[in-house]
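Engineer: Below is a structure I'd like to ask you about.
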Amino acid sequence: MADFVIIGGGIYGCTVAWELARRGADVHLLEAKTIASGASGGLGKRGVRANGRDLRELPFMRLAYEQWETLHEQIDGETGYERLGHLLLIEREADYASAAAHAWLQEQQGIPTRLIAADELHEIEPYLSEQVIAALYCPQDGVADHTQTTKSMAKAAQKHGAIIQENTIVTGLERQGNKVTAVLAQTKNAEIRIPVHKHVFLLSNSHALKFIQEQFGITLPVWSMLPQVIRTATVNPVPVKHLIGHANRTLAIKPLANNEVMISGGWHGRQNPETGQAETVPEQVEGNRAEAVAVYPILADVPIIEAAADRSEVLSADGIPIIDTLSAAENMIIAVGWSGHGWAIAPAVGKVMAEWALSNSKPSLLKPFCYKRFART
Ligand SMILES: Cc1cc2nc3c(=O)[nH]c(=O)nc-3n(C[C@H](O)[C@H](O)[C@H](O)COP(=O)(O)OP(=O)(O)OC[C@H]3O[C@@H](n4cnc5c(N)ncnc54)[C@H](O)[C@@H]3O)c2cc1C
C-alpha cells in the first residue's frame, strides 16, 4: 500500500517523488528499467530554454528559472546547470521583421529577452556565419546535465523516504468506479500489486499512450518519435559559447565539456523494423550536421564522434503536453506529450503536480494543458 504510486523514473517521476516525499508523503515509484533510461537520460545535455517556447509554457519557465539556480543545493546533488544564455539566430528578413514582437511578448511574460543586431551578435559569437543577421537573446537560458539531474533527484527522493523500485514494469491497473485502487507490475521474479490510497501518477512518457488506450480505451492526440543527437570531436578553440537555436533551420547547438559540440534540434532516428532497436539514419545525421555547418562554417572539418537516437519522446498535436486526469480515473494524474521541450520546465511542473495531488485542487497554472482542449466546442 502507498498513498502515492508513480509510474516512470524519468525527470517527471523523480521530481514528483521528491516534491511529495520532502513534504512527508508516502511514495512508491516504479521504473521499468533504471532511473533516467528514457528521454531524461542519454547523450549530451538538455537545453533549459524559454526563448522561442510556446507562450502557454512560459509561466512555468519563469518559475523554473528560479528553481534551476539552486536545485543542486535543494536536492544535494549535481545538476550540471549552467546559465549560458540562448541565441535564437535569424538569417531571413521575414524572421527579423517579427523578432521585436516576439521579444516584447517574452518580456511581458517575465522572460528577459533582447533583439541583438549583427555587430553585437558577432562579437559574442565570433565563429558565426556572416549570413546570420540578428538574434533573439535570452540571457537567463542555459543547459543542464539531464542524466545527472534525474539520478540526483531520485536519490533526493529516497533520502526523504520515497521507495524507488527499478526493473519493475507496470502492466495494469485495478479500478473501482472512476478510481484507481491498485497498480499491477512485473518484476524479474514476481507479479506485484500495490494498493493505492490516494493518487497515481502516470509519467511513463512513450509507454503512456498505449497504456491509456488499453486501460481506458481513450486516445490521446500524441505520438512517439526518436530525436537525434550528435556529438562532435574536440574543437579548439570551441566555437560555440551559448545555447543556440534557429528561427528557420531545424537546429540546436550546445557546447559540451572538453570543447566538444552537441548538434540536435529536431532531426530523428528510426526503429529498425528487423531488430526493433532504435538507430540513427545517415541522411538525418548529415542533414543536421549540414545545418550546423551553415551557421558555424568552422564545424565543416570537425569529425562526428557519436550520433544517437535511442531516447523516445512524445509529441502532441498542438505542441504542448497534456497534464490532467481522465474522467475514467479521477485520482490518476497523467503528464505526456512534452514535444521535445519538457526538460526545462520539469522542476516547476513537477512541483505543481505534487501540490495538486496533496491539496486535491487542480492549480490554475495547469489549465492550458487539460485534455478537454481537444474537444469540440
Ligand atoms: C534527444 C532529446 C533531446 C531533448 N532536448 C530537450 C531540450 O534541449 N530541452 C528540453 O526542455 N527538453 C528536451 N527534451 C525533452 C525532455 O528530455 C523530455 O520531455 C523529458 O525528459 C521527459 O521526461 P519524462 O520523465 O516524462 O519521461 P522519461 O524520461 O522518458 O521517463 C519515463 C520513464 O518511464 C519508464 N517506463 C516506461 N514504461 C514503463 C512501465 N510500463 N512501467 C514503469 N516504468 C515505465 C521508462 O523506462 C522511463 O524511464 C529532449 C528529449 C530528447 C529525447
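The values are calculated or read from the model by the stated rules, or taken from the named source; none is laboratory data. Treat the numbers as computed from the prediction; the structure is a model and nothing was measured. No Cβ is skipped: glycine too gets one built from the backbone with ideal geometry, and neighbour counts run over all protein chains shown.
Engineer: Being without any contact (Cβ under 8 Å) to a residue 60 or more places away in the chain and part of a strand (DSSP E or B) is true for just one of Ile230, Ile244, Ile253. Which residue is that?
Structural biologist: Going through Ile230, Ile244, Ile253 in turn, the sole match is Ile253.
Engineer: Can you tell me which condition Gly177 does not meet? The list is (1) on the phi < 0 side of the Ramachandran plot; (2) of a type in the set (Gly, Ala, Ser); (3) surrounded by fewer than 17 Cβ atoms within 10 Å (Cβ to Cβ), and all the others hold.
Structural biologist: (1)
Matching residues to (1) within 8 Å of the ligand (Cβ to nearest atom); (2) more than 14 Å from the chain's Cα centre (by Cα); (3) surrounded by 18 or more Cβ atoms within 10 Å (Cβ to Cβ):
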site: Lys33; (1), (2), (3): yes, yes, no
site: Ala36; (1), (2), (3): yes, no, yes
site: Gly42; (1), (2), (3): yes, no, no
site: Glu57; (1), (2), (3): no, no, yes
site: Ala64; (1), (2), (3): no, no, yes
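Engineer: Suppose we filter the range 66-80 for residues that are surrounded by fewer than 20 Cβ atoms within 10 Å (Cβ to Cβ) and assigned to a loop (DSSP other than H, G, I, E, B); how many remain?
Structural biologist: Result for the range 66-80: 4.
Engineer: Right, something else. Please find, within the range 271-286, the residue that is surrounded by the most Cβ atoms within 10 Å (Cβ to Cβ) out of those that are more than 23 Å from the chain's Cα centre (by Cα) and in a helix (DSSP H, G or I).
Structural biologist: Per the stated criteria, the residue is Glu286.
Engineer: From the set of residues in the range 228-250 that are surrounded by fewer than 23 Cβ atoms within 10 Å (Cβ to Cβ) and hydrophobic (A, V, I, L, M, F, W, C), which is farthest from Pro303 (Cα to Cα)?
Structural biologist: Only one residue tops the list, namely Ala247.
Engineer: Condition check: outside the structural domain of His341 (by TED's automatic domain parsing), of a type in the set (A, V, I, L, M, F, W, C) and either within 13 Å of the ligand (Cβ to nearest atom) or surrounded by 18 or more Cβ atoms within 10 Å (Cβ to Cβ) (or both). Does Ala99 satisfy that?
Structural biologist: Yes; evaluated as a whole, the condition is true for this residue.
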